Amino acid sequence: MSRRLTRFIGKLINAVGWVSPTFGGRMAFYLFSRTATRTPKSDKEKAVIAAAIPVFAQAQTRTVVLSEGKAVAHVFPAKAANGGPRVLLTHGWNSSALYMVGMIEGLRSAGAEVVALDLPGHGASPGRRLHAALAVEAISKTCEQLGPFDLMVGHSFGGYMTVASVRGVLQGLYKPQPRKVVTIASPSDVRIVFGRYVKMLGLSKSVHNGLISRIEAISGRKVEDFFGPKMLSEAGVEALVLHAEDDKEVDANAARQYADAGPQVQLQWLNGLGHRRIVNSPEAIVAVTSFAA
């Protein structure tokens, strides 16, 4: 959206919020959880997808039914029959499993069986809606139906939601119990994400509060319960945190916060790789496969 349209929408939501902060918060949350179209936006993205399609043709497709919509998982066999680990990969916001093809192939070459999940509203999964509670449900039910997994790896939003799933932050869902977890360029605090969104739209304080209330009503948890390092500490699982200090989308302080979650967490800087290139980089693949072993 253009800056002018963004501000117009923000003023419209604020007007509704002036009458009813609850309804204004619902409007803001609806817009926040609306996913983008899946049409590639550049020639580079088209090339990545074209290269990934033959690889994905080797996978079995499994559908995971959720309380709201469905998620599609791509099951890739290992390239070497050496009893390697079973790995679940989860992509970031407005991305898909297709954009993790380098990591998929790297893990398979190292002997891993890989399940790459398309979150609702992304990739091969239907819909145009995703939020934290739905993402946690998708990951947890994938683990329940297609697991267990030795290693769970998530990029960006996917890493954050992987930690939430392993923590068992939502009541009534299957709690995955992997041996290890890897986050790649992942945020640590949904409150920061919401804050940027509120600032971008110029939303009022009352609408901001209504937005927070909405996610708390849907998840059944206070928003501070979704603090990534706290969840990782409580999960107690061995973890590797990969991040680049030059990441312009997720501040490097998020990685430092994860590293402070306990002695079971390792932090490795992969500087110069930014936010997106890092996930399929040779450096990340070596780090993840070594950690899995």
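The values are calculated or read from the model by the stated rules, or taken from the named source; none is laboratory data. Keep in mind that what you see is a predicted model, and the values were worked out from it rather than measured. Reconstructed Cβ throughout: ideal geometry from the backbone, glycine too, with neighbour counts over all protein chains shown.
Just a few scattered comments:
- Meets criteria (in contact with a helix residue (DSSP H, G or I) (Cβ under 6 Å, 6 or more places away or on another chain), among the small types (Gly, Ala, Ser) and farther than 26 Å from THR37 by Cα) for ALA110: yes
- Among the residues making up segment 245-261, those that are surrounded by 17 or more Cβ atoms within 10 Å (Cβ to Cβ) and in a loop (DSSP other than H, G, I, E, B) are ASP247, VAL250, ALA261.
- Test: THR142 is without any contact (Cβ under 8 Å) to a residue 24 or more places away in the chain, outside any loop (DSSP other than H, G, I, E, B) and over 12 Å from the mean Cα position of the chain (by Cα): no
- When segment 262-293 is limited to residues that are of a type in the set (A, V, I, L, M) and not in a helix (DSSP H, G or I), the one that is farthest from the chain's Cα centre (by Cα) turns out to be ALA293.
- Residue that is surrounded by the most Cβ atoms within 10 Å (Cβ to Cβ) [pool: residues in segment 186-232 that are free of Cβ contacts under 8 Å to residues at least 40 places away in the same chain and farther than 22 Å from GLU249 by Cα]: GLU216
- Candidates ARG129, ARG196, ARG221, ARG214: the one that is assigned by TED's automatic domain parsing to the domain that holds ASN253 and not β-branched (Val, Ile, Thr) is ARG129.
- Subset of segment 158-205 (residues that are hydroxyl-bearing (Ser, Thr, Tyr), part of a helix (DSSP H, G or I) and at pLDDT 95 or above): TYR160, THR162, SER165
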